[in-house]
1. Does Lys143 qualify as being basic (Lys, Arg), part of a loop (DSSP other than H, G, I, E, B) and surrounded by fewer than 17 Cβ atoms within 10 Å (Cβ to Cβ)?
2. Check every one of the strands (runs of 3 or more DSSP E) wholly within the range 66-137 and list those with 1 or more residues that are in contact (Cβ under 8 Å) with a residue 60 or more places away in the chain and among the hydroxyl-bearing types (Ser, Thr, Tyr).
3. Could you look through the range 40-65, keep only residues that are β-branched (Val, Ile, Thr) and in contact (Cβ under 8 Å) with a residue 12 or more places away in the chain, and pick out the one that is farthest from Leu113 (Cα to Cα)?
4. Being touching a strand residue (DSSP E or B) at 6+ places or on another chain (Cβ under 8 Å) and either of a type in the set (Val, Ile, Thr) or open to solvent by 40 Å² or more (accessible area, probe 1.4 Å) (or both) narrows it down to one residue among Glu21, Glu6, Glu14; which is it?
5. Which residue pairs have Cβ atoms under 6 Å apart, sit 6 or more places apart or on different chains, and have a first residue in the range 1-23 that is at negative phi and a second that is open to solvent by less than 50 Å² (accessible area, probe 1.4 Å) and assigned to a helix (DSSP H, G or I)?
6. Might you check whether a residue that is of a type outside the set (D, E, K, R), closer than 21 Å to Leu56 by Cβ and assigned to a loop (DSSP other than H, G, I, E, B) occurs anywhere in the range 148-155?
7. Within the range 1-39, track down each residue that is part of a loop (DSSP other than H, G, I, E, B), small (Gly, Ala, Ser) and either modelled with pLDDT of 95 or more or farther than 27 Å from Tyr126 by Cα (or both).
8. Quick one: in the range 84-124, of everything that is over 19 Å from Glu74 (Cα atoms) and among the polar types (S, T, N, Q), which residue is surrounded by the fewest Cβ atoms within 10 Å (Cβ to Cβ)?
Amino acid sequence: MDLIQELPLDINFENVLTITEKIQAHSMFNRLGGCSLQSRTSVPYPWKLFDGIGALGDYPIDINETSFNEINDEFKNTEFEKIINHFKLYRSRLNLLKAKSNYSIHTDKGWRLHLPIHTNKQCRFYYSKYEKEFHLEAGKFYKVYVGTPHTFFNSSNDKRIHFVATII
């Protein structure tokens, strides 16, 4: 099985960068490590922008990936909505990983779509079971298998921002 596969889709990456820069202006984006592009319909604004960025295990048992299916207003009629609709995505979010940091090694279910937005060669996706690491290039789409132990580390002096979403 290929752990990471590049997927084709032609988008206006400059538009993605512009929207991402506007979102970064919110201090909550930096404090909480990202924001949600899709949320649950029952969540009021402004909490919609942070619904789903944490671990799914932090939610009640009846909440799953497909519960996060409403595109938040800030992302409607943008390249992000085009991406969500094209790949039929759920629980899409912008993840910020600060300089010199990493996620714990963990296992999720299934596949995620990644679009690196702000990255560099010192940002690496790592599979501990296979002792393999990958750099995902900015502006390219990747289907990433997350059903095996993995992490992401940023050993650079700059932030890393990825668009991440669940593929069902």
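The values are calculated or read from the model by the stated rules, or taken from the named source; none is laboratory data. All values reported here derive from a predicted model rather than from experimental measurement. Neighbour counts run over all protein chains shown; Cβ positions are idealised from the backbone, glycine included. Please note that ligands, DNA and RNA were not included when accessible areas were found on the heavy atoms of the full protein model with its side chains. Shrake-Rupley method; radii C 1.70, N 1.55, O 1.52, S 1.80 Å.
1. On the way: basic (Lys, Arg): yes; part of a loop (DSSP other than H, G, I, E, B): no; surrounded by fewer than 17 Cβ atoms within 10 Å (Cβ to Cβ): yes.
Spelling it out, it is not the case that Lys143 is basic (Lys, Arg), part of a loop (DSSP other than H, G, I, E, B) and surrounded by fewer than 17 Cβ atoms within 10 Å (Cβ to Cβ).
2. Working: elements: 89-97, 111-118, 123-127, 132-134.
Those strands (runs of 3 or more DSSP E) span 89-97, 123-127.
3. Keep residues of the range 40-65 that are β-branched (Val, Ile, Thr), which gives 41, 43, 53, 61, 63.
Then keep just the ones that are in contact (Cβ under 8 Å) with a residue 12 or more places away in the chain; that gives 41, 53, 63.
On the way: Thr41: 22, Ile53: 15, Ile63: 20 Å.
The qualifying residue farthest from Leu113 (Cα to Cα) is Thr41.
4. Working: Glu21 fails: touching a strand residue (DSSP E or B) at 6+ places or on another chain (Cβ under 8 Å); Glu14 fails: touching a strand residue (DSSP E or B) at 6+ places or on another chain (Cβ under 8 Å).
When all the criteria are applied, what remains is Glu6.
5. Every condition considered, the pairs that remain are Ile11/Glu79; Asn12/Glu79; Asn15/Glu79; Val16/Glu79; Ile23/Phe29.
6. Pass one, the range 148-155, residues of a type outside the set (D, E, K, R): 148-155.
Narrowing the set further to residues that are closer than 21 Å to Leu56 by Cβ leaves 148-152.
Checking which are assigned to a loop (DSSP other than H, G, I, E, B) leaves us with 148-149.
Looking for residues that are of a type outside the set (D, E, K, R), closer than 21 Å to Leu56 by Cβ and assigned to a loop (DSSP other than H, G, I, E, B), one finds at least one in the range 148-155, hence yes.
7. Filtering the range 1-39 for residues part of a loop (DSSP other than H, G, I, E, B) gives 1-3, 8-12, 25-26, 33, 37.
Filter once more, keeping what is small (Gly, Ala, Ser): 25, 33.
Hit for the range 1-39 is Ala25, nothing else.
8. The extreme case among them is Ser104.
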